[in-house]
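Visitor: Below you'll find the structure I mean.
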Amino acid sequence: MTGLGLILSSILVVANRKLYVYEDPRIESVNDMLPQSNCGACGVPGCRAFAEELIAGKFTPGQCTVVTDVVSEEIAELLGVDVGGDEKRVARLACAGGSNVARQRVHYLGLSSCQAATLVAGGGKGCTWGCLGLGDCEEACDFDALFMNEHGIPVVDPDKCVACDDCVDICPKDLFSLEPVTRKLWIPCKNLQFGDAAERECEVACNSCNRCVADAAPGLIEMKHNLAAINYELNHLADRQAIERCPTGAIIWIEENGVAQKGVDAKKIIRKTSLPVG
Amino acid sequence: MNPLRLLRRSFDHGVHPAHLKEQTADLPIQRVPFVNRYLMPLGQHIGAPSRAIVTVGERVRRGQKIADATAFVSTTLHSPVTGWVRKIEGFRSMDGSFAPAIEIEADPYATQQEERGDPLPWQSLSIEEFIAAVQEAGIVGMGGAAFPCHVKFSIPDGLKIRYLLVNGAECEPYLTNDHRLMLERPDDLLQGAEIVRRKIGAEETVIGVEVNKPDAIEILRRHVKPDQSVRIVPLQVKYPQGAEKMLIKSIFDREIPAGLLPRDVEVNVNNVGTIIAIFDYFERAIPLIERIVTVAGPGAAYPANLIVPLGTPVREVLRFCGGLKEETREVIMGGPMMGRPIASLDVPILKGSSGILAFTEAETAGRKEYPCIKCGRCVEACPYFLNPSRLARLSKARMFDEMREYSLMDCVECGCCTFSCPSNIPIVQLIRTGKDDLRNRKETEQ
């Protein structure tokens, strides 16, 4: 038995020498510094793959959105490259129709998931495009950056959000998008109905009144399919003036710290309870 | 009949829901009066949506073509009333999204006579002309799926159809529209079947009817003419006897492998309503502009079997039947097993709407869901030999590759698993979300 053990172990020793694959030791050390959340926000599957791509020079340390700036700098120092990286992005929801402002057509009693509800007559919400509020995104978020507020609308914590794309993927109504924090003008509405029809479904819907288009710099905002759309290529022209006259508060100004402000003319929503169903 | 022989007229697995057809089985088909507004969604069949060929304000006659097919798997639409086209725009459809539809306002002074041309001389049509004519008539599968009917008739070279199978099983509880059609129009049904059988070159017509409709079996047997080669086959009462693969297994004892179609076992399956629609077009020159709808369920004040022009809002149909009872909580379009709940009574009757069922609190109250106890009842119930509980768990966990491995896409959402689940797990709904995921992934991969 001892002899057999010796023979087999010597085979292992030989195999280890002969079949050894050289691997850059930096991959391991960089991998150790990465968060190991394997979120995929950088675009490659997993942190180790990102480490390999870093060594190969295809990425810069700053492109990992999860690690803190200090750590990215450490990685950059270790590899002797620039920190680089894109500007910070966060997930934003293009809907503000909580249960206190948006009409509910029917009670939905089925499986408690937005995706399942969408497949049953589009869910119970009056607005076809609006957030169903059943929390698929909250469940999908690996970073606790999303929580459902008391009106059933997901709120993103910009400090915790790492722009990993999970909520964007999971939302059956495609309401999330990853936006650079420098984009301060934002339209939290996707309702394509015109005027009163939109406002009947939701008190904070864009009713395509065109006031923001008139107040903003030329070309910055335009009305597409009864919904204001911001041309972010002209983002440097954006200012608060565009939101001030919006009657429903369907265009908002988001400060860097994540505080959203409506214009002065927006109707005040003081109702805290849900609207009745029907 | 030998009871042993009857026992064999069935398939493996399946469930036995109460059939609950007493409410409407004996009620003759009535015609719903014309209302003032009709809505014809352009995408009410499977396949590419139709393209409107009328303009807003135009006057249309009953039976006039208002939308054209845009592809081979697509079909035409015909105006259900004489009146004016009022709008062509997005309307909220049954699945909750905005989809283009043609709104027609009925002319209150019109006689609403169908625009009848001469019947097509079907005897002399070639198969290609026959297929084109079926598409021109806008005929789709009337059992509920609304799959354009002419597609089924175009048989690729090398395949031959031996049997035309007419599906009169009507296995869904409550629904009695096919039953009434068989009772009231047996001659038309047999003649329609004869037209299709001759055109697709089948040797024999087989009509499968569940034994809970003995009067229909009797009447059809009595009306078969000597020159028609028709066989009426009584089937065991079991759900989903009316699914085409189950029907073929019951009658011909042949199983169709996943991914193949009935034509691969030399069978063409059509619903009773579809055959009647074909009869109406080829013998009376009336395109598909109305269908039979069963209104039933504990919430319906006066259950009925109705001839409803397509596009009639559900609200108007229910108004004709005395409305809904106060305690109604849910309205389902289609049968109780496979139908979809509707979120608004303003949705119109479509080509595929076989029933309007109203349910009260007692039937719809959310039942408490318990964990799966691995009893295997869903596996025993699944007529497609899938493992529903496993598929549901995989779908919940979003394990896409494994879902494919366990043939998630072969599920037809018949509902046997959810029906048999003692833990009240919404298995079908979970599988549906899984299918949605797989479809989305396929799109992004392309």
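Visitor: For residue A:157, all conditions in the list (1) charged (D, E, K, R); (2) touching a helix residue (DSSP H, G or I) at 6+ places or on another chain (Cβ under 9 Å); (3) more than 12 Å from chain B (Cβ to nearest Cβ) hold save one; what is the number of the exception?
Guide: (2)
Residue-by-condition table, conditions (1) open to solvent by 40 Å² or more (accessible area, probe 1.4 Å); (2) within 14 Å of chain A (Cβ to nearest Cβ):
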{"residue": "B:40", "(1), (2)": "no, no"}
{"residue": "B:43", "(1), (2)": "yes, no"}
{"residue": "B:70", "(1), (2)": "yes, no"}
{"residue": "B:77", "(1), (2)": "no, no"}
{"residue": "B:81", "(1), (2)": "no, no"}
{"residue": "B:94", "(1), (2)": "yes, yes"}
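Visitor: Filter segment B:197-217 down to the residues that are farther than 19 Å from residue B:269 by Cα, out of contact with any strand residue (DSSP E or B) (no Cβ under 9 Å at 6 or more places or on another chain) and open to solvent by 50 Å² or more (accessible area, probe 1.4 Å) and list them by number.
Guide: The one that is farther than 19 Å from residue B:269 by Cα, out of contact with any strand residue (DSSP E or B) (no Cβ under 9 Å at 6 or more places or on another chain) and open to solvent by 50 Å² or more (accessible area, probe 1.4 Å): B:215.
Visitor: Given the criterion under 16 Å from residue B:346 (Cβ atoms), touching a residue at least 24 places away in the same chain (Cβ under 8 Å), more than 14 Å from chain A (Cβ to nearest Cβ) and crowded, with 22+ Cβ neighbours inside 10 Å, identify the matching residue among B:104, B:139.
Guide: Exactly one residue qualifies, and that residue is B:104.
Visitor: Restricting to segment B:403-428, name every residue that is touching a helix residue (DSSP H, G or I) at 6+ places or on another chain (Cβ under 9 Å), of a type in the set (D, E, K, R) and closer than 18 Å to residue B:246 by Cβ.
Guide: Selection gives B:413 alone.
Visitor: Mind listing whichever residues of segment B:369-411 are more than 24 Å from the chain's Cα centre (by Cα) and hydrophobic (A, V, I, L, M, F, W, C)?
Guide: Scanning segment B:369-411 gives B:372, B:373, B:375, B:378, B:379, B:391, B:392, B:394, B:397, B:399, B:400, B:403.
Visitor: A further question on this structure: Suppose we filter segment B:73-85 for residues that are over 20 Å from the mean Cα position of the chain (by Cα) and touching a residue at least 40 places away in the same chain (Cβ under 8 Å); how many remain?
Guide: Within segment B:73-85, residues that are over 20 Å from the mean Cα position of the chain (by Cα) and touching a residue at least 40 places away in the same chain (Cβ under 8 Å) number 3.
Visitor: Just to be sure before I move on: is residue A:144 within 21 Å of residue A:38 (Cα to Cα), in a loop (DSSP other than H, G, I, E, B) and at pLDDT 90 or above in the structure I sent?
Guide: Taking the combined requirement at face value, the residue satisfies it.
Visitor: Here is a further query. Only one residue in A:264, A:259 is without any contact (Cβ under 8 Å) to a residue 12 or more places away in the chain and closer than 26 Å to residue A:99 by Cα, so which one is that?
Guide: Checking each option against the conditions leaves just A:259.
Visitor: Here's something else I'd like to know. Any residue in segment B:257-270 that is in contact (Cβ under 8 Å) with a residue 24 or more places away in the chain, within 28 Å of residue B:348 (Cα to Cα) and touching a strand residue (DSSP E or B) at 6+ places or on another chain (Cβ under 8 Å)?
Guide: Yes, segment B:257-270 has at least one match.
Visitor: Tell me the helices (runs of 4 or more DSSP H) entirely within segment A:1-80 that contain at least 2 residues that are of a type in the set (Lys, Arg).
Guide: Those helices (runs of 4 or more DSSP H) span A:2-18.
Visitor: Among (1) within 14 Å of chain B (Cβ to nearest Cβ); (2) more than 22 Å from residue B:432 (Cβ to Cβ); (3) outside any loop (DSSP other than H, G, I, E, B), which single condition is residue A:139 missing?
Guide: Unmet for residue A:139, out of (1) within 14 Å of chain B (Cβ to nearest Cβ); (2) more than 22 Å from residue B:432 (Cβ to Cβ); (3) outside any loop (DSSP other than H, G, I, E, B): (2).
Visitor: Can you confirm whether segment B:222-230 contains a residue that is assigned to a helix (DSSP H, G or I) and over 22 Å from the mean Cα position of the chain (by Cα)?
Guide: Checked segment B:222-230: at least one residue is assigned to a helix (DSSP H, G or I) and over 22 Å from the mean Cα position of the chain (by Cα).
Visitor: Just give me the residues in segment A:231-278 being assigned to a loop (DSSP other than H, G, I, E, B) and surrounded by 16 or more Cβ atoms within 10 Å (Cβ to Cβ), in sequence order.
Guide: Within segment A:231-278, A:238, A:245, A:246, A:248, A:249, A:250, A:251, A:262, A:263, A:266, A:269, A:275 qualify.
Visitor: Hey, can you tell me all the residues within segment A:107-122 that are within 22 Å of the chain's Cα centre (by Cα) and either facing chain B (nearest Cβ under 7 Å) or open to solvent by 30 Å² or more (accessible area, probe 1.4 Å) (or both)?
Guide: A:112, A:113, A:115, A:116, A:118, listed by residue number.
Visitor: Turning to a different aspect of this structure: Out of everything in segment A:190-216 that is more than 27 Å from the chain's Cα centre (by Cα) and outside any helix (DSSP H, G or I), what residue ends up being surrounded by the most Cβ atoms within 10 Å (Cβ to Cβ)?
Guide: A:209
Visitor: Based on this model, can you work out whether residue B:70 counts as in contact with a Lys or Arg (Cβ under 7 Å, 6 or more places away or on another chain), part of a loop (DSSP other than H, G, I, E, B) and among the hydroxyl-bearing types (Ser, Thr, Tyr)?
Guide: yes
Visitor: Oh, and also: Restricting to segment A:41-73, name every residue that is open to solvent by less than 30 Å² (accessible area, probe 1.4 Å) and of a type outside the set (Ser, Thr, Tyr).
Guide: A:41, A:44, A:46, A:47, A:49, A:50, A:51, A:54, A:61, A:62, A:64, A:67
Visitor: Also, quick follow-up: Filtering segment B:315-337 down to residues that are within 13 Å of chain A (Cβ to nearest Cβ) and touching a residue at least 60 places away in the same chain (Cβ under 8 Å), which residue is nearest to the chain's Cα centre (by Cα)?
Guide: Looking at the filtered set, the residue picked out is B:334.
Visitor: Looking at residue A:133, is it within 24 Å of residue B:426 (Cα to Cα), away from every other protein chain (no Cβ under 12 Å) and part of a loop (DSSP other than H, G, I, E, B)?
Guide: In short, yes.
Visitor: Same structure again: So for segment A:74-96 (the condition being within 30 Å of residue A:26 (Cα to Cα), of a type outside the set (Phe, Trp, Tyr) and open to solvent by less than 20 Å² (accessible area, probe 1.4 Å)), does at least one residue qualify?
Guide: Yes, there is a match, as at least one residue in segment A:74-96 is within 30 Å of residue A:26 (Cα to Cα), of a type outside the set (Phe, Trp, Tyr) and open to solvent by less than 20 Å² (accessible area, probe 1.4 Å).
Visitor: Only residues in segment B:400-421 that are more than 10 Å from residue B:388 (Cα to Cα) count as the first member; pair them with residues that are open to solvent by less than 80 Å² (accessible area, probe 1.4 Å) and polar (S, T, N, Q), Cβ under 7 angstrom, at least 6 apart or cross-chain, and list the lot.
Guide: Sorted first by the residue in segment B:400-421, then by its partner, the pairs are B:403/B:395.
Visitor: Shifting gears a bit: Restricting to segment A:88-106, name every residue that is more than 10 Å from chain B (Cβ to nearest Cβ) and in a loop (DSSP other than H, G, I, E, B).
Guide: Matches in segment A:88-106: A:88, A:94, A:95, A:96, A:97, A:98, A:99, A:100, A:101, A:103.
Visitor: With the structure loaded, tell me whether residue B:350 is part of a loop (DSSP other than H, G, I, E, B), within 14 Å of chain A (Cβ to nearest Cβ) and crowded, with 18+ Cβ neighbours inside 10 Å or whether it fails that test.
Guide: So residue B:350 fits the description; yes.
The values are calculated or read from the model by the stated rules, or taken from the named source; none is laboratory data. The model shown is predicted, which means the values in this text are computed figures rather than measured ones. Reconstructed Cβ throughout: ideal geometry from the backbone, glycine too, with neighbour counts over all protein chains shown. Quick note on the areas: whole protein, heavy atoms, side chains included, nothing else; ligands and nucleic acids left out. Shrake-Rupley method; radii C 1.70, N 1.55, O 1.52, S 1.80 Å.
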